[in-house]
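Here's the structure we're looking at; comments come further down.
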Amino acid sequence: TNPEYSGMGTTVSAVLIIGGWAYIAQVGDSRVYLLREHSGIHQITEDHSLVAEQVRNGVISEAEAENSSFKNLITRAVGIKADVDVDLFAVRLEQGDTLLICSDGLSNMVPNADIAESLSDGDLKAGTRKVVELALENGGTDNVTAVTIRVVDVPPRTPMQPGAREIVLPSTSLWQRILNWFR
């Protein structure tokens with residue numbers, strides 16, 4: 001309604017947990033990651049940006065994408081048009097999983113390995129604070145936002161709700177599951 005803001009849009013990454021599933025809605029280049037013990041960190045969402053599309057289509061490499069001046073040109077946003085195409089994902093949760101919802105101000109400034117290391121600690125609040133501090137220390141060139149969720153109990157086995165694309169992460173080996181039993 002304010003002409004000063006005409007043409008502006010925003011990104012959205014949202015997580016809803018129902019039973020043993022995390023349902024993720026995504027528009028833009030904010031991200032949702034899942035950190036799973038013994039299989040590491042996984043980016044669940046796909047960026048809706050010109051550079052990400054170039055990488056997916058093989059036009060440029062991941063290394064070239066890191067330094068691209070077009071990194072912040074998003075191809076989908078909420079508020080630009082009356083309708084928006086939303087990506088929907090579903091991930092089966094396990095005890096100990098940590099979800100991170102973050103803005104590109106964090107994901108562009110902190111390597112995945114540092115995110116994983118910071119959030120692997122038992123103190124999730126301190127780990128969340130740490131990833132935000134790392135983003136700011138590494139330049140903080142954009143808004144830095146982080147929300148974390150940790151699955152502390154064994155999630156119930158519930159059916160996946162229809163409508164989302166299931167993301168299947170690498171499973172832990174039988175040996176790892178046996179070791180986890182004794183932890």
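Regarding residue 51, is this residue more than 25 Å from residue 156 (Cβ to Cβ), touching a Lys or Arg at 6+ places or on another chain (Cβ under 8 Å) and among the hydrophobic types (A, V, I, L, M, F, W, C)? Yes, satisfied.
Taking (1) in contact with a His (Cβ under 7 Å, 6 or more places away or on another chain); (2) of a type in the set (A, V, I, L, M, F, W, C); (3) open to solvent by less than 60 Å² (accessible area, probe 1.4 Å) in turn, residue 100 satisfies each apart from (1). Selection over region 55-76 of residues that are touching a residue at least 12 places away in the same chain (Cβ under 8 Å) and either more than 25 Å from residue 6 (Cβ to Cβ) or aromatic (Phe, Trp, Tyr) (or both) gives a count of 3.
Yes/no per residue for (1) open to solvent by less than 80 Å² (accessible area, probe 1.4 Å); (2) farther than 19 Å from residue 44 by Cβ; (3) hydrophobic (A, V, I, L, M, F, W, C); (4) in contact with a helix residue (DSSP H, G or I) (Cβ under 9 Å, 6 or more places away or on another chain):
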position	(1), (2), (3), (4)
112	yes, no, no, no
116	yes, no, yes, no
137	no, yes, no, no
142	yes, yes, no, yes
160	yes, no, yes, no
164	yes, no, yes, no
167	yes, no, yes, no
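Quickly run through region 6-56 and pick out the residues that are in a loop (DSSP other than H, G, I, E, B), over 18 Å from residue 71 (Cβ atoms) and either small (Gly, Ala, Ser) or at pLDDT below 95 (or both). Answer for region 6-56, where residues must be in a loop (DSSP other than H, G, I, E, B), over 18 Å from residue 71 (Cβ atoms) and either small (Gly, Ala, Ser) or at pLDDT below 95 (or both): 6, 7, 8, 19, 20, 37, 38, 39. Residues 6, 39, 30, 13: which one is hydroxyl-bearing (Ser, Thr, Tyr) and over 17 Å from the mean Cα position of the chain (by Cα)? Exactly one of 6, 39, 30, 13 is hydroxyl-bearing (Ser, Thr, Tyr) and over 17 Å from the mean Cα position of the chain (by Cα), namely 6. The residue list 20, 58, 28 contains one member that is on the phi > 0 side of the Ramachandran plot and open to solvent by less than 30 Å² (accessible area, probe 1.4 Å), which is 28.
What about residue 84, is it part of a helix (DSSP H, G or I) and either open to solvent by 20 Å² or more (accessible area, probe 1.4 Å) or at pLDDT below 95 (or both)? In short, no.
Scanning region 114-132 for residues that are under 16 Å from the mean Cα position of the chain (by Cα) and either of a type in the set (Asp, Glu) or at pLDDT below 95 (or both) gives 114, 117, 120.
Figure legend. Inter-residue proximity from region 77-92: first residues in contact (Cβ under 8 Å) with a residue 40 or more places away in the chain, second residues open to solvent by less than 60 Å² (accessible area, probe 1.4 Å) and hydroxyl-bearing (Ser, Thr, Tyr), beta-carbon distance below 8 Å, spacing 6+ or different chains. Indicated pairs: 77/11; 78/11; 87/45; 88/23; 89/23; 89/45; 90/23.
The values are calculated or read from the model by the stated rules, or taken from the named source; none is laboratory data. Keep in mind it's a predicted model, so treat the numbers as computed, not measured. So basically every Cβ, Gly included, is an ideal-geometry build from the backbone, and we count neighbours across all protein chains shown. Please note that ligands, DNA and RNA were not included when accessible areas were found on the heavy atoms of the full protein model with its side chains. Shrake-Rupley method; radii C 1.70, N 1.55, O 1.52, S 1.80 Å.
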